[in-house]
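Asks: Please read through the structure below; I'll follow up with questions.
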Amino acid sequence: MDFPDRNVGEMQTSVFVKSGVQRIKPQFDDITHIQGLKDYAIIYTHSAKIVIKGSIKAMLDIFPKTAFLRVHKSFIVSISKITRIEKNRIALNGHQIPIGRNFREELEKVMGER
């Protein structure tokens, strides 16, 4: 896992992440959600899945809090990619993401502001 790009005076739009021996730079706009699996995370984009070493909590430190929201102990979603919120899950680009009861209030607060 690497640190976000440090572009002075520019809004950050991507971050380098290490996947195996590769360094990949997904654009924030391309990321739909991130799934945590113990010591690994899977970053889902429109066209690929990127597996990286690092916890879901570590992902929260890398990705901008204005664009991404934790909605479950194992999931972070791109706020702009949410197409529907049901009773206990979120629909985004064909994926169904569960909403944890500890995260529901924050989700409703953030979505109410939009």
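Asks: Say we look at the range 80-102 and pick out the residues that are surrounded by fewer than 17 Cβ atoms within 10 Å (Cβ to Cβ) and in contact with a strand residue (DSSP E or B) (Cβ under 6 Å, 6 or more places away or on another chain); which of these is modelled with the lowest pLDDT?
Replies: Taking the candidates together, the pick is ASN93.
Asks: Could you list, in sequence order, all residues of the range 49-89 that are polar (S, T, N, Q) and not in a strand (DSSP E or B)? Reasoning before the result, please.
Replies: Step one: list which residues in the range 49-89 are polar (S, T, N, Q), which gives 55, 66, 74, 78, 80, 83, 88.
Matches in the range 49-89: SER55, THR66, SER74, SER80, THR83, ASN88.
Asks: Scan the range 79-105 for residues that are in contact with a helix residue (DSSP H, G or I) (Cβ under 7 Å, 6 or more places away or on another chain) and of a type in the set (A, V, I, L, M) and jot them down.
Replies: Going residue by residue through the range 79-105, those that are in contact with a helix residue (DSSP H, G or I) (Cβ under 7 Å, 6 or more places away or on another chain) are 79, 85, 92-93, 99.
ILE79, ILE85, LEU92, ILE99, listed by residue number.
Asks: Further, regarding this structure: Looking at VAL110, VAL77, VAL71, can you tell me which residue is open to solvent by 20 Å² or more (accessible area, probe 1.4 Å) and in contact with a strand residue (DSSP E or B) (Cβ under 8 Å, 6 or more places away or on another chain)?
Replies: Exactly one residue qualifies, and that residue is VAL110.
Asks: Quick one: count up the residues across the range 28-48 that are of a type outside the set (Gly, Ala, Ser) and assigned to a loop (DSSP other than H, G, I, E, B). Even if it seems obvious, please write down each step before you answer.
Replies: In the first step, residues of the range 28-48 are kept if they are of a type outside the set (Gly, Ala, Ser); the result is 28-35, 37-40, 42-46.
Add one more test, that the residue is assigned to a loop (DSSP other than H, G, I, E, B), and what stays is 38-39, 46.
Residues in the range 28-48 being of a type outside the set (Gly, Ala, Ser) and assigned to a loop (DSSP other than H, G, I, E, B): 3 in total.
Asks: Can you tell which of ILE43, ILE85, ILE76, ILE62 is in contact (Cβ under 8 Å) with a residue 24 or more places away in the chain and more than 13 Å from the chain's Cα centre (by Cα)?
Replies: From the options ILE43, ILE85, ILE76, ILE62, the qualifying one is ILE85.
The values are calculated or read from the model by the stated rules, or taken from the named source; none is laboratory data. Being a predicted model, the structure only gives us computed values, none of them experimental. Because the Cβ atoms are built from the backbone with ideal geometry, glycine has one as well, and the counts that use them run over all protein chains shown. Remember, those area values only see protein heavy atoms, side chains included, never the ligands or the DNA or RNA. Shrake-Rupley method; radii C 1.70, N 1.55, O 1.52, S 1.80 Å.
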